[in-house]
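Asks: A single structure is presented below for examination.
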Amino acid sequence: PARIVGGANGQGAGTSQPSGTSQPAMAGAATGQMPAGHPPIGANQAGAPAGAAGPGGRVSGTITLDPARAADVKAGAALYIIVRRDAGEGQKGMLIASKRVDVTGPAMFPLTYEVGPENVMMGGNSLDGQVRVEARVDQDGDAISKSPGDVVGAKAGAVTVGAPGAVDFVLADKL
């Protein structure tokens, strides 16, 4: 079994502005200062760079692959572990955190995982409260696209971030 814990997801580490675009002038822009009380640009609530550990807890457990889906999981794909705010049964809540793991094949399962503050997608958010956890083996490695053949699974019901007990679930469905 594989074990993947900690580590940054490589996303949210900064922002860029395409050339040729303009932004409205900001107070203090000429001096390089932000208005009083404004958090540092590119930082989360704790003032750390976006993508760095900040406030919030952790969600961890084991992801198992249904043997019927083993042929659908190939090396070179990407596993995305996704944590969303709980918005109720059947609803998609706001994306809070995501972790990408390179897939080496079906033998990497069961996989022990951990998603923490370093995986939070946007500064100003924290990994806390009631959440829903899901995962997808994305065949083309693109987090945005969802293609036929992607293998998915989710923890049934909401869980509380940081609560004792593992958040275990099975990848058993195919898009």
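Asks: Kindly indicate whether G42 is modelled with pLDDT under 95 and touching a helix residue (DSSP H, G or I) at 6+ places or on another chain (Cβ under 6 Å).
Replies: no
Asks: What are the residue pairs meeting all of these: first residue in the range 160-175, first residue under 26 Å from S126 (Cα atoms) and of a type in the set (D, E, K, R), second residue open to solvent by 30 Å² or more (accessible area, probe 1.4 Å) and modelled with pLDDT of 95 or more, Cβ atoms under 7 Å, and 6 or more apart or on different chains?
Replies: Hits for this filter: D168/T62.
Asks: Need at least 1 residues that are polar (S, T, N, Q) per element, so show me which strands (runs of 3 or more DSSP E) inside the range 126-174 make the cut, counting only ones lying wholly within it.
Replies: In the range 126-174, 130-138 are the strands (runs of 3 or more DSSP E) which contain 1 or more residues that are polar (S, T, N, Q).
Asks: Still on this structure, I have one more. Yes or no: T104 open to solvent by 10 Å² or more (accessible area, probe 1.4 Å), of a type outside the set (F, W, Y), touching a residue at least 12 places away in the same chain (Cβ under 8 Å) and assigned to a strand (DSSP E or B)?
Replies: Considered against the rule, which asks whether it is open to solvent by 10 Å² or more (accessible area, probe 1.4 Å), of a type outside the set (F, W, Y), touching a residue at least 12 places away in the same chain (Cβ under 8 Å) and assigned to a strand (DSSP E or B), T104 comes out as no.
Asks: Another question, then. Which one of the conditions (1) closer than 15 Å to V167 by Cβ; (2) open to solvent by less than 60 Å² (accessible area, probe 1.4 Å) does Q130 fail to meet, given that it meets all the rest?
Replies: Every condition holds for Q130 apart from (2).
Asks: Testing S147 on (1) at pLDDT below 95; (2) open to solvent by 70 Å² or more (accessible area, probe 1.4 Å), one condition comes back false. Which one is that?
Replies: (2)
The values are calculated or read from the model by the stated rules, or taken from the named source; none is laboratory data. Small disclaimer: the values here were computed from a predicted structure and weren't measured. Glycine also receives a Cβ, built like all others from the backbone with ideal geometry; neighbour counts cover every protein chain displayed. These area figures cover heavy atoms from the full protein model, side chains too; ligands, DNA and RNA do not enter into them. Shrake-Rupley method; radii C 1.70, N 1.55, O 1.52, S 1.80 Å.
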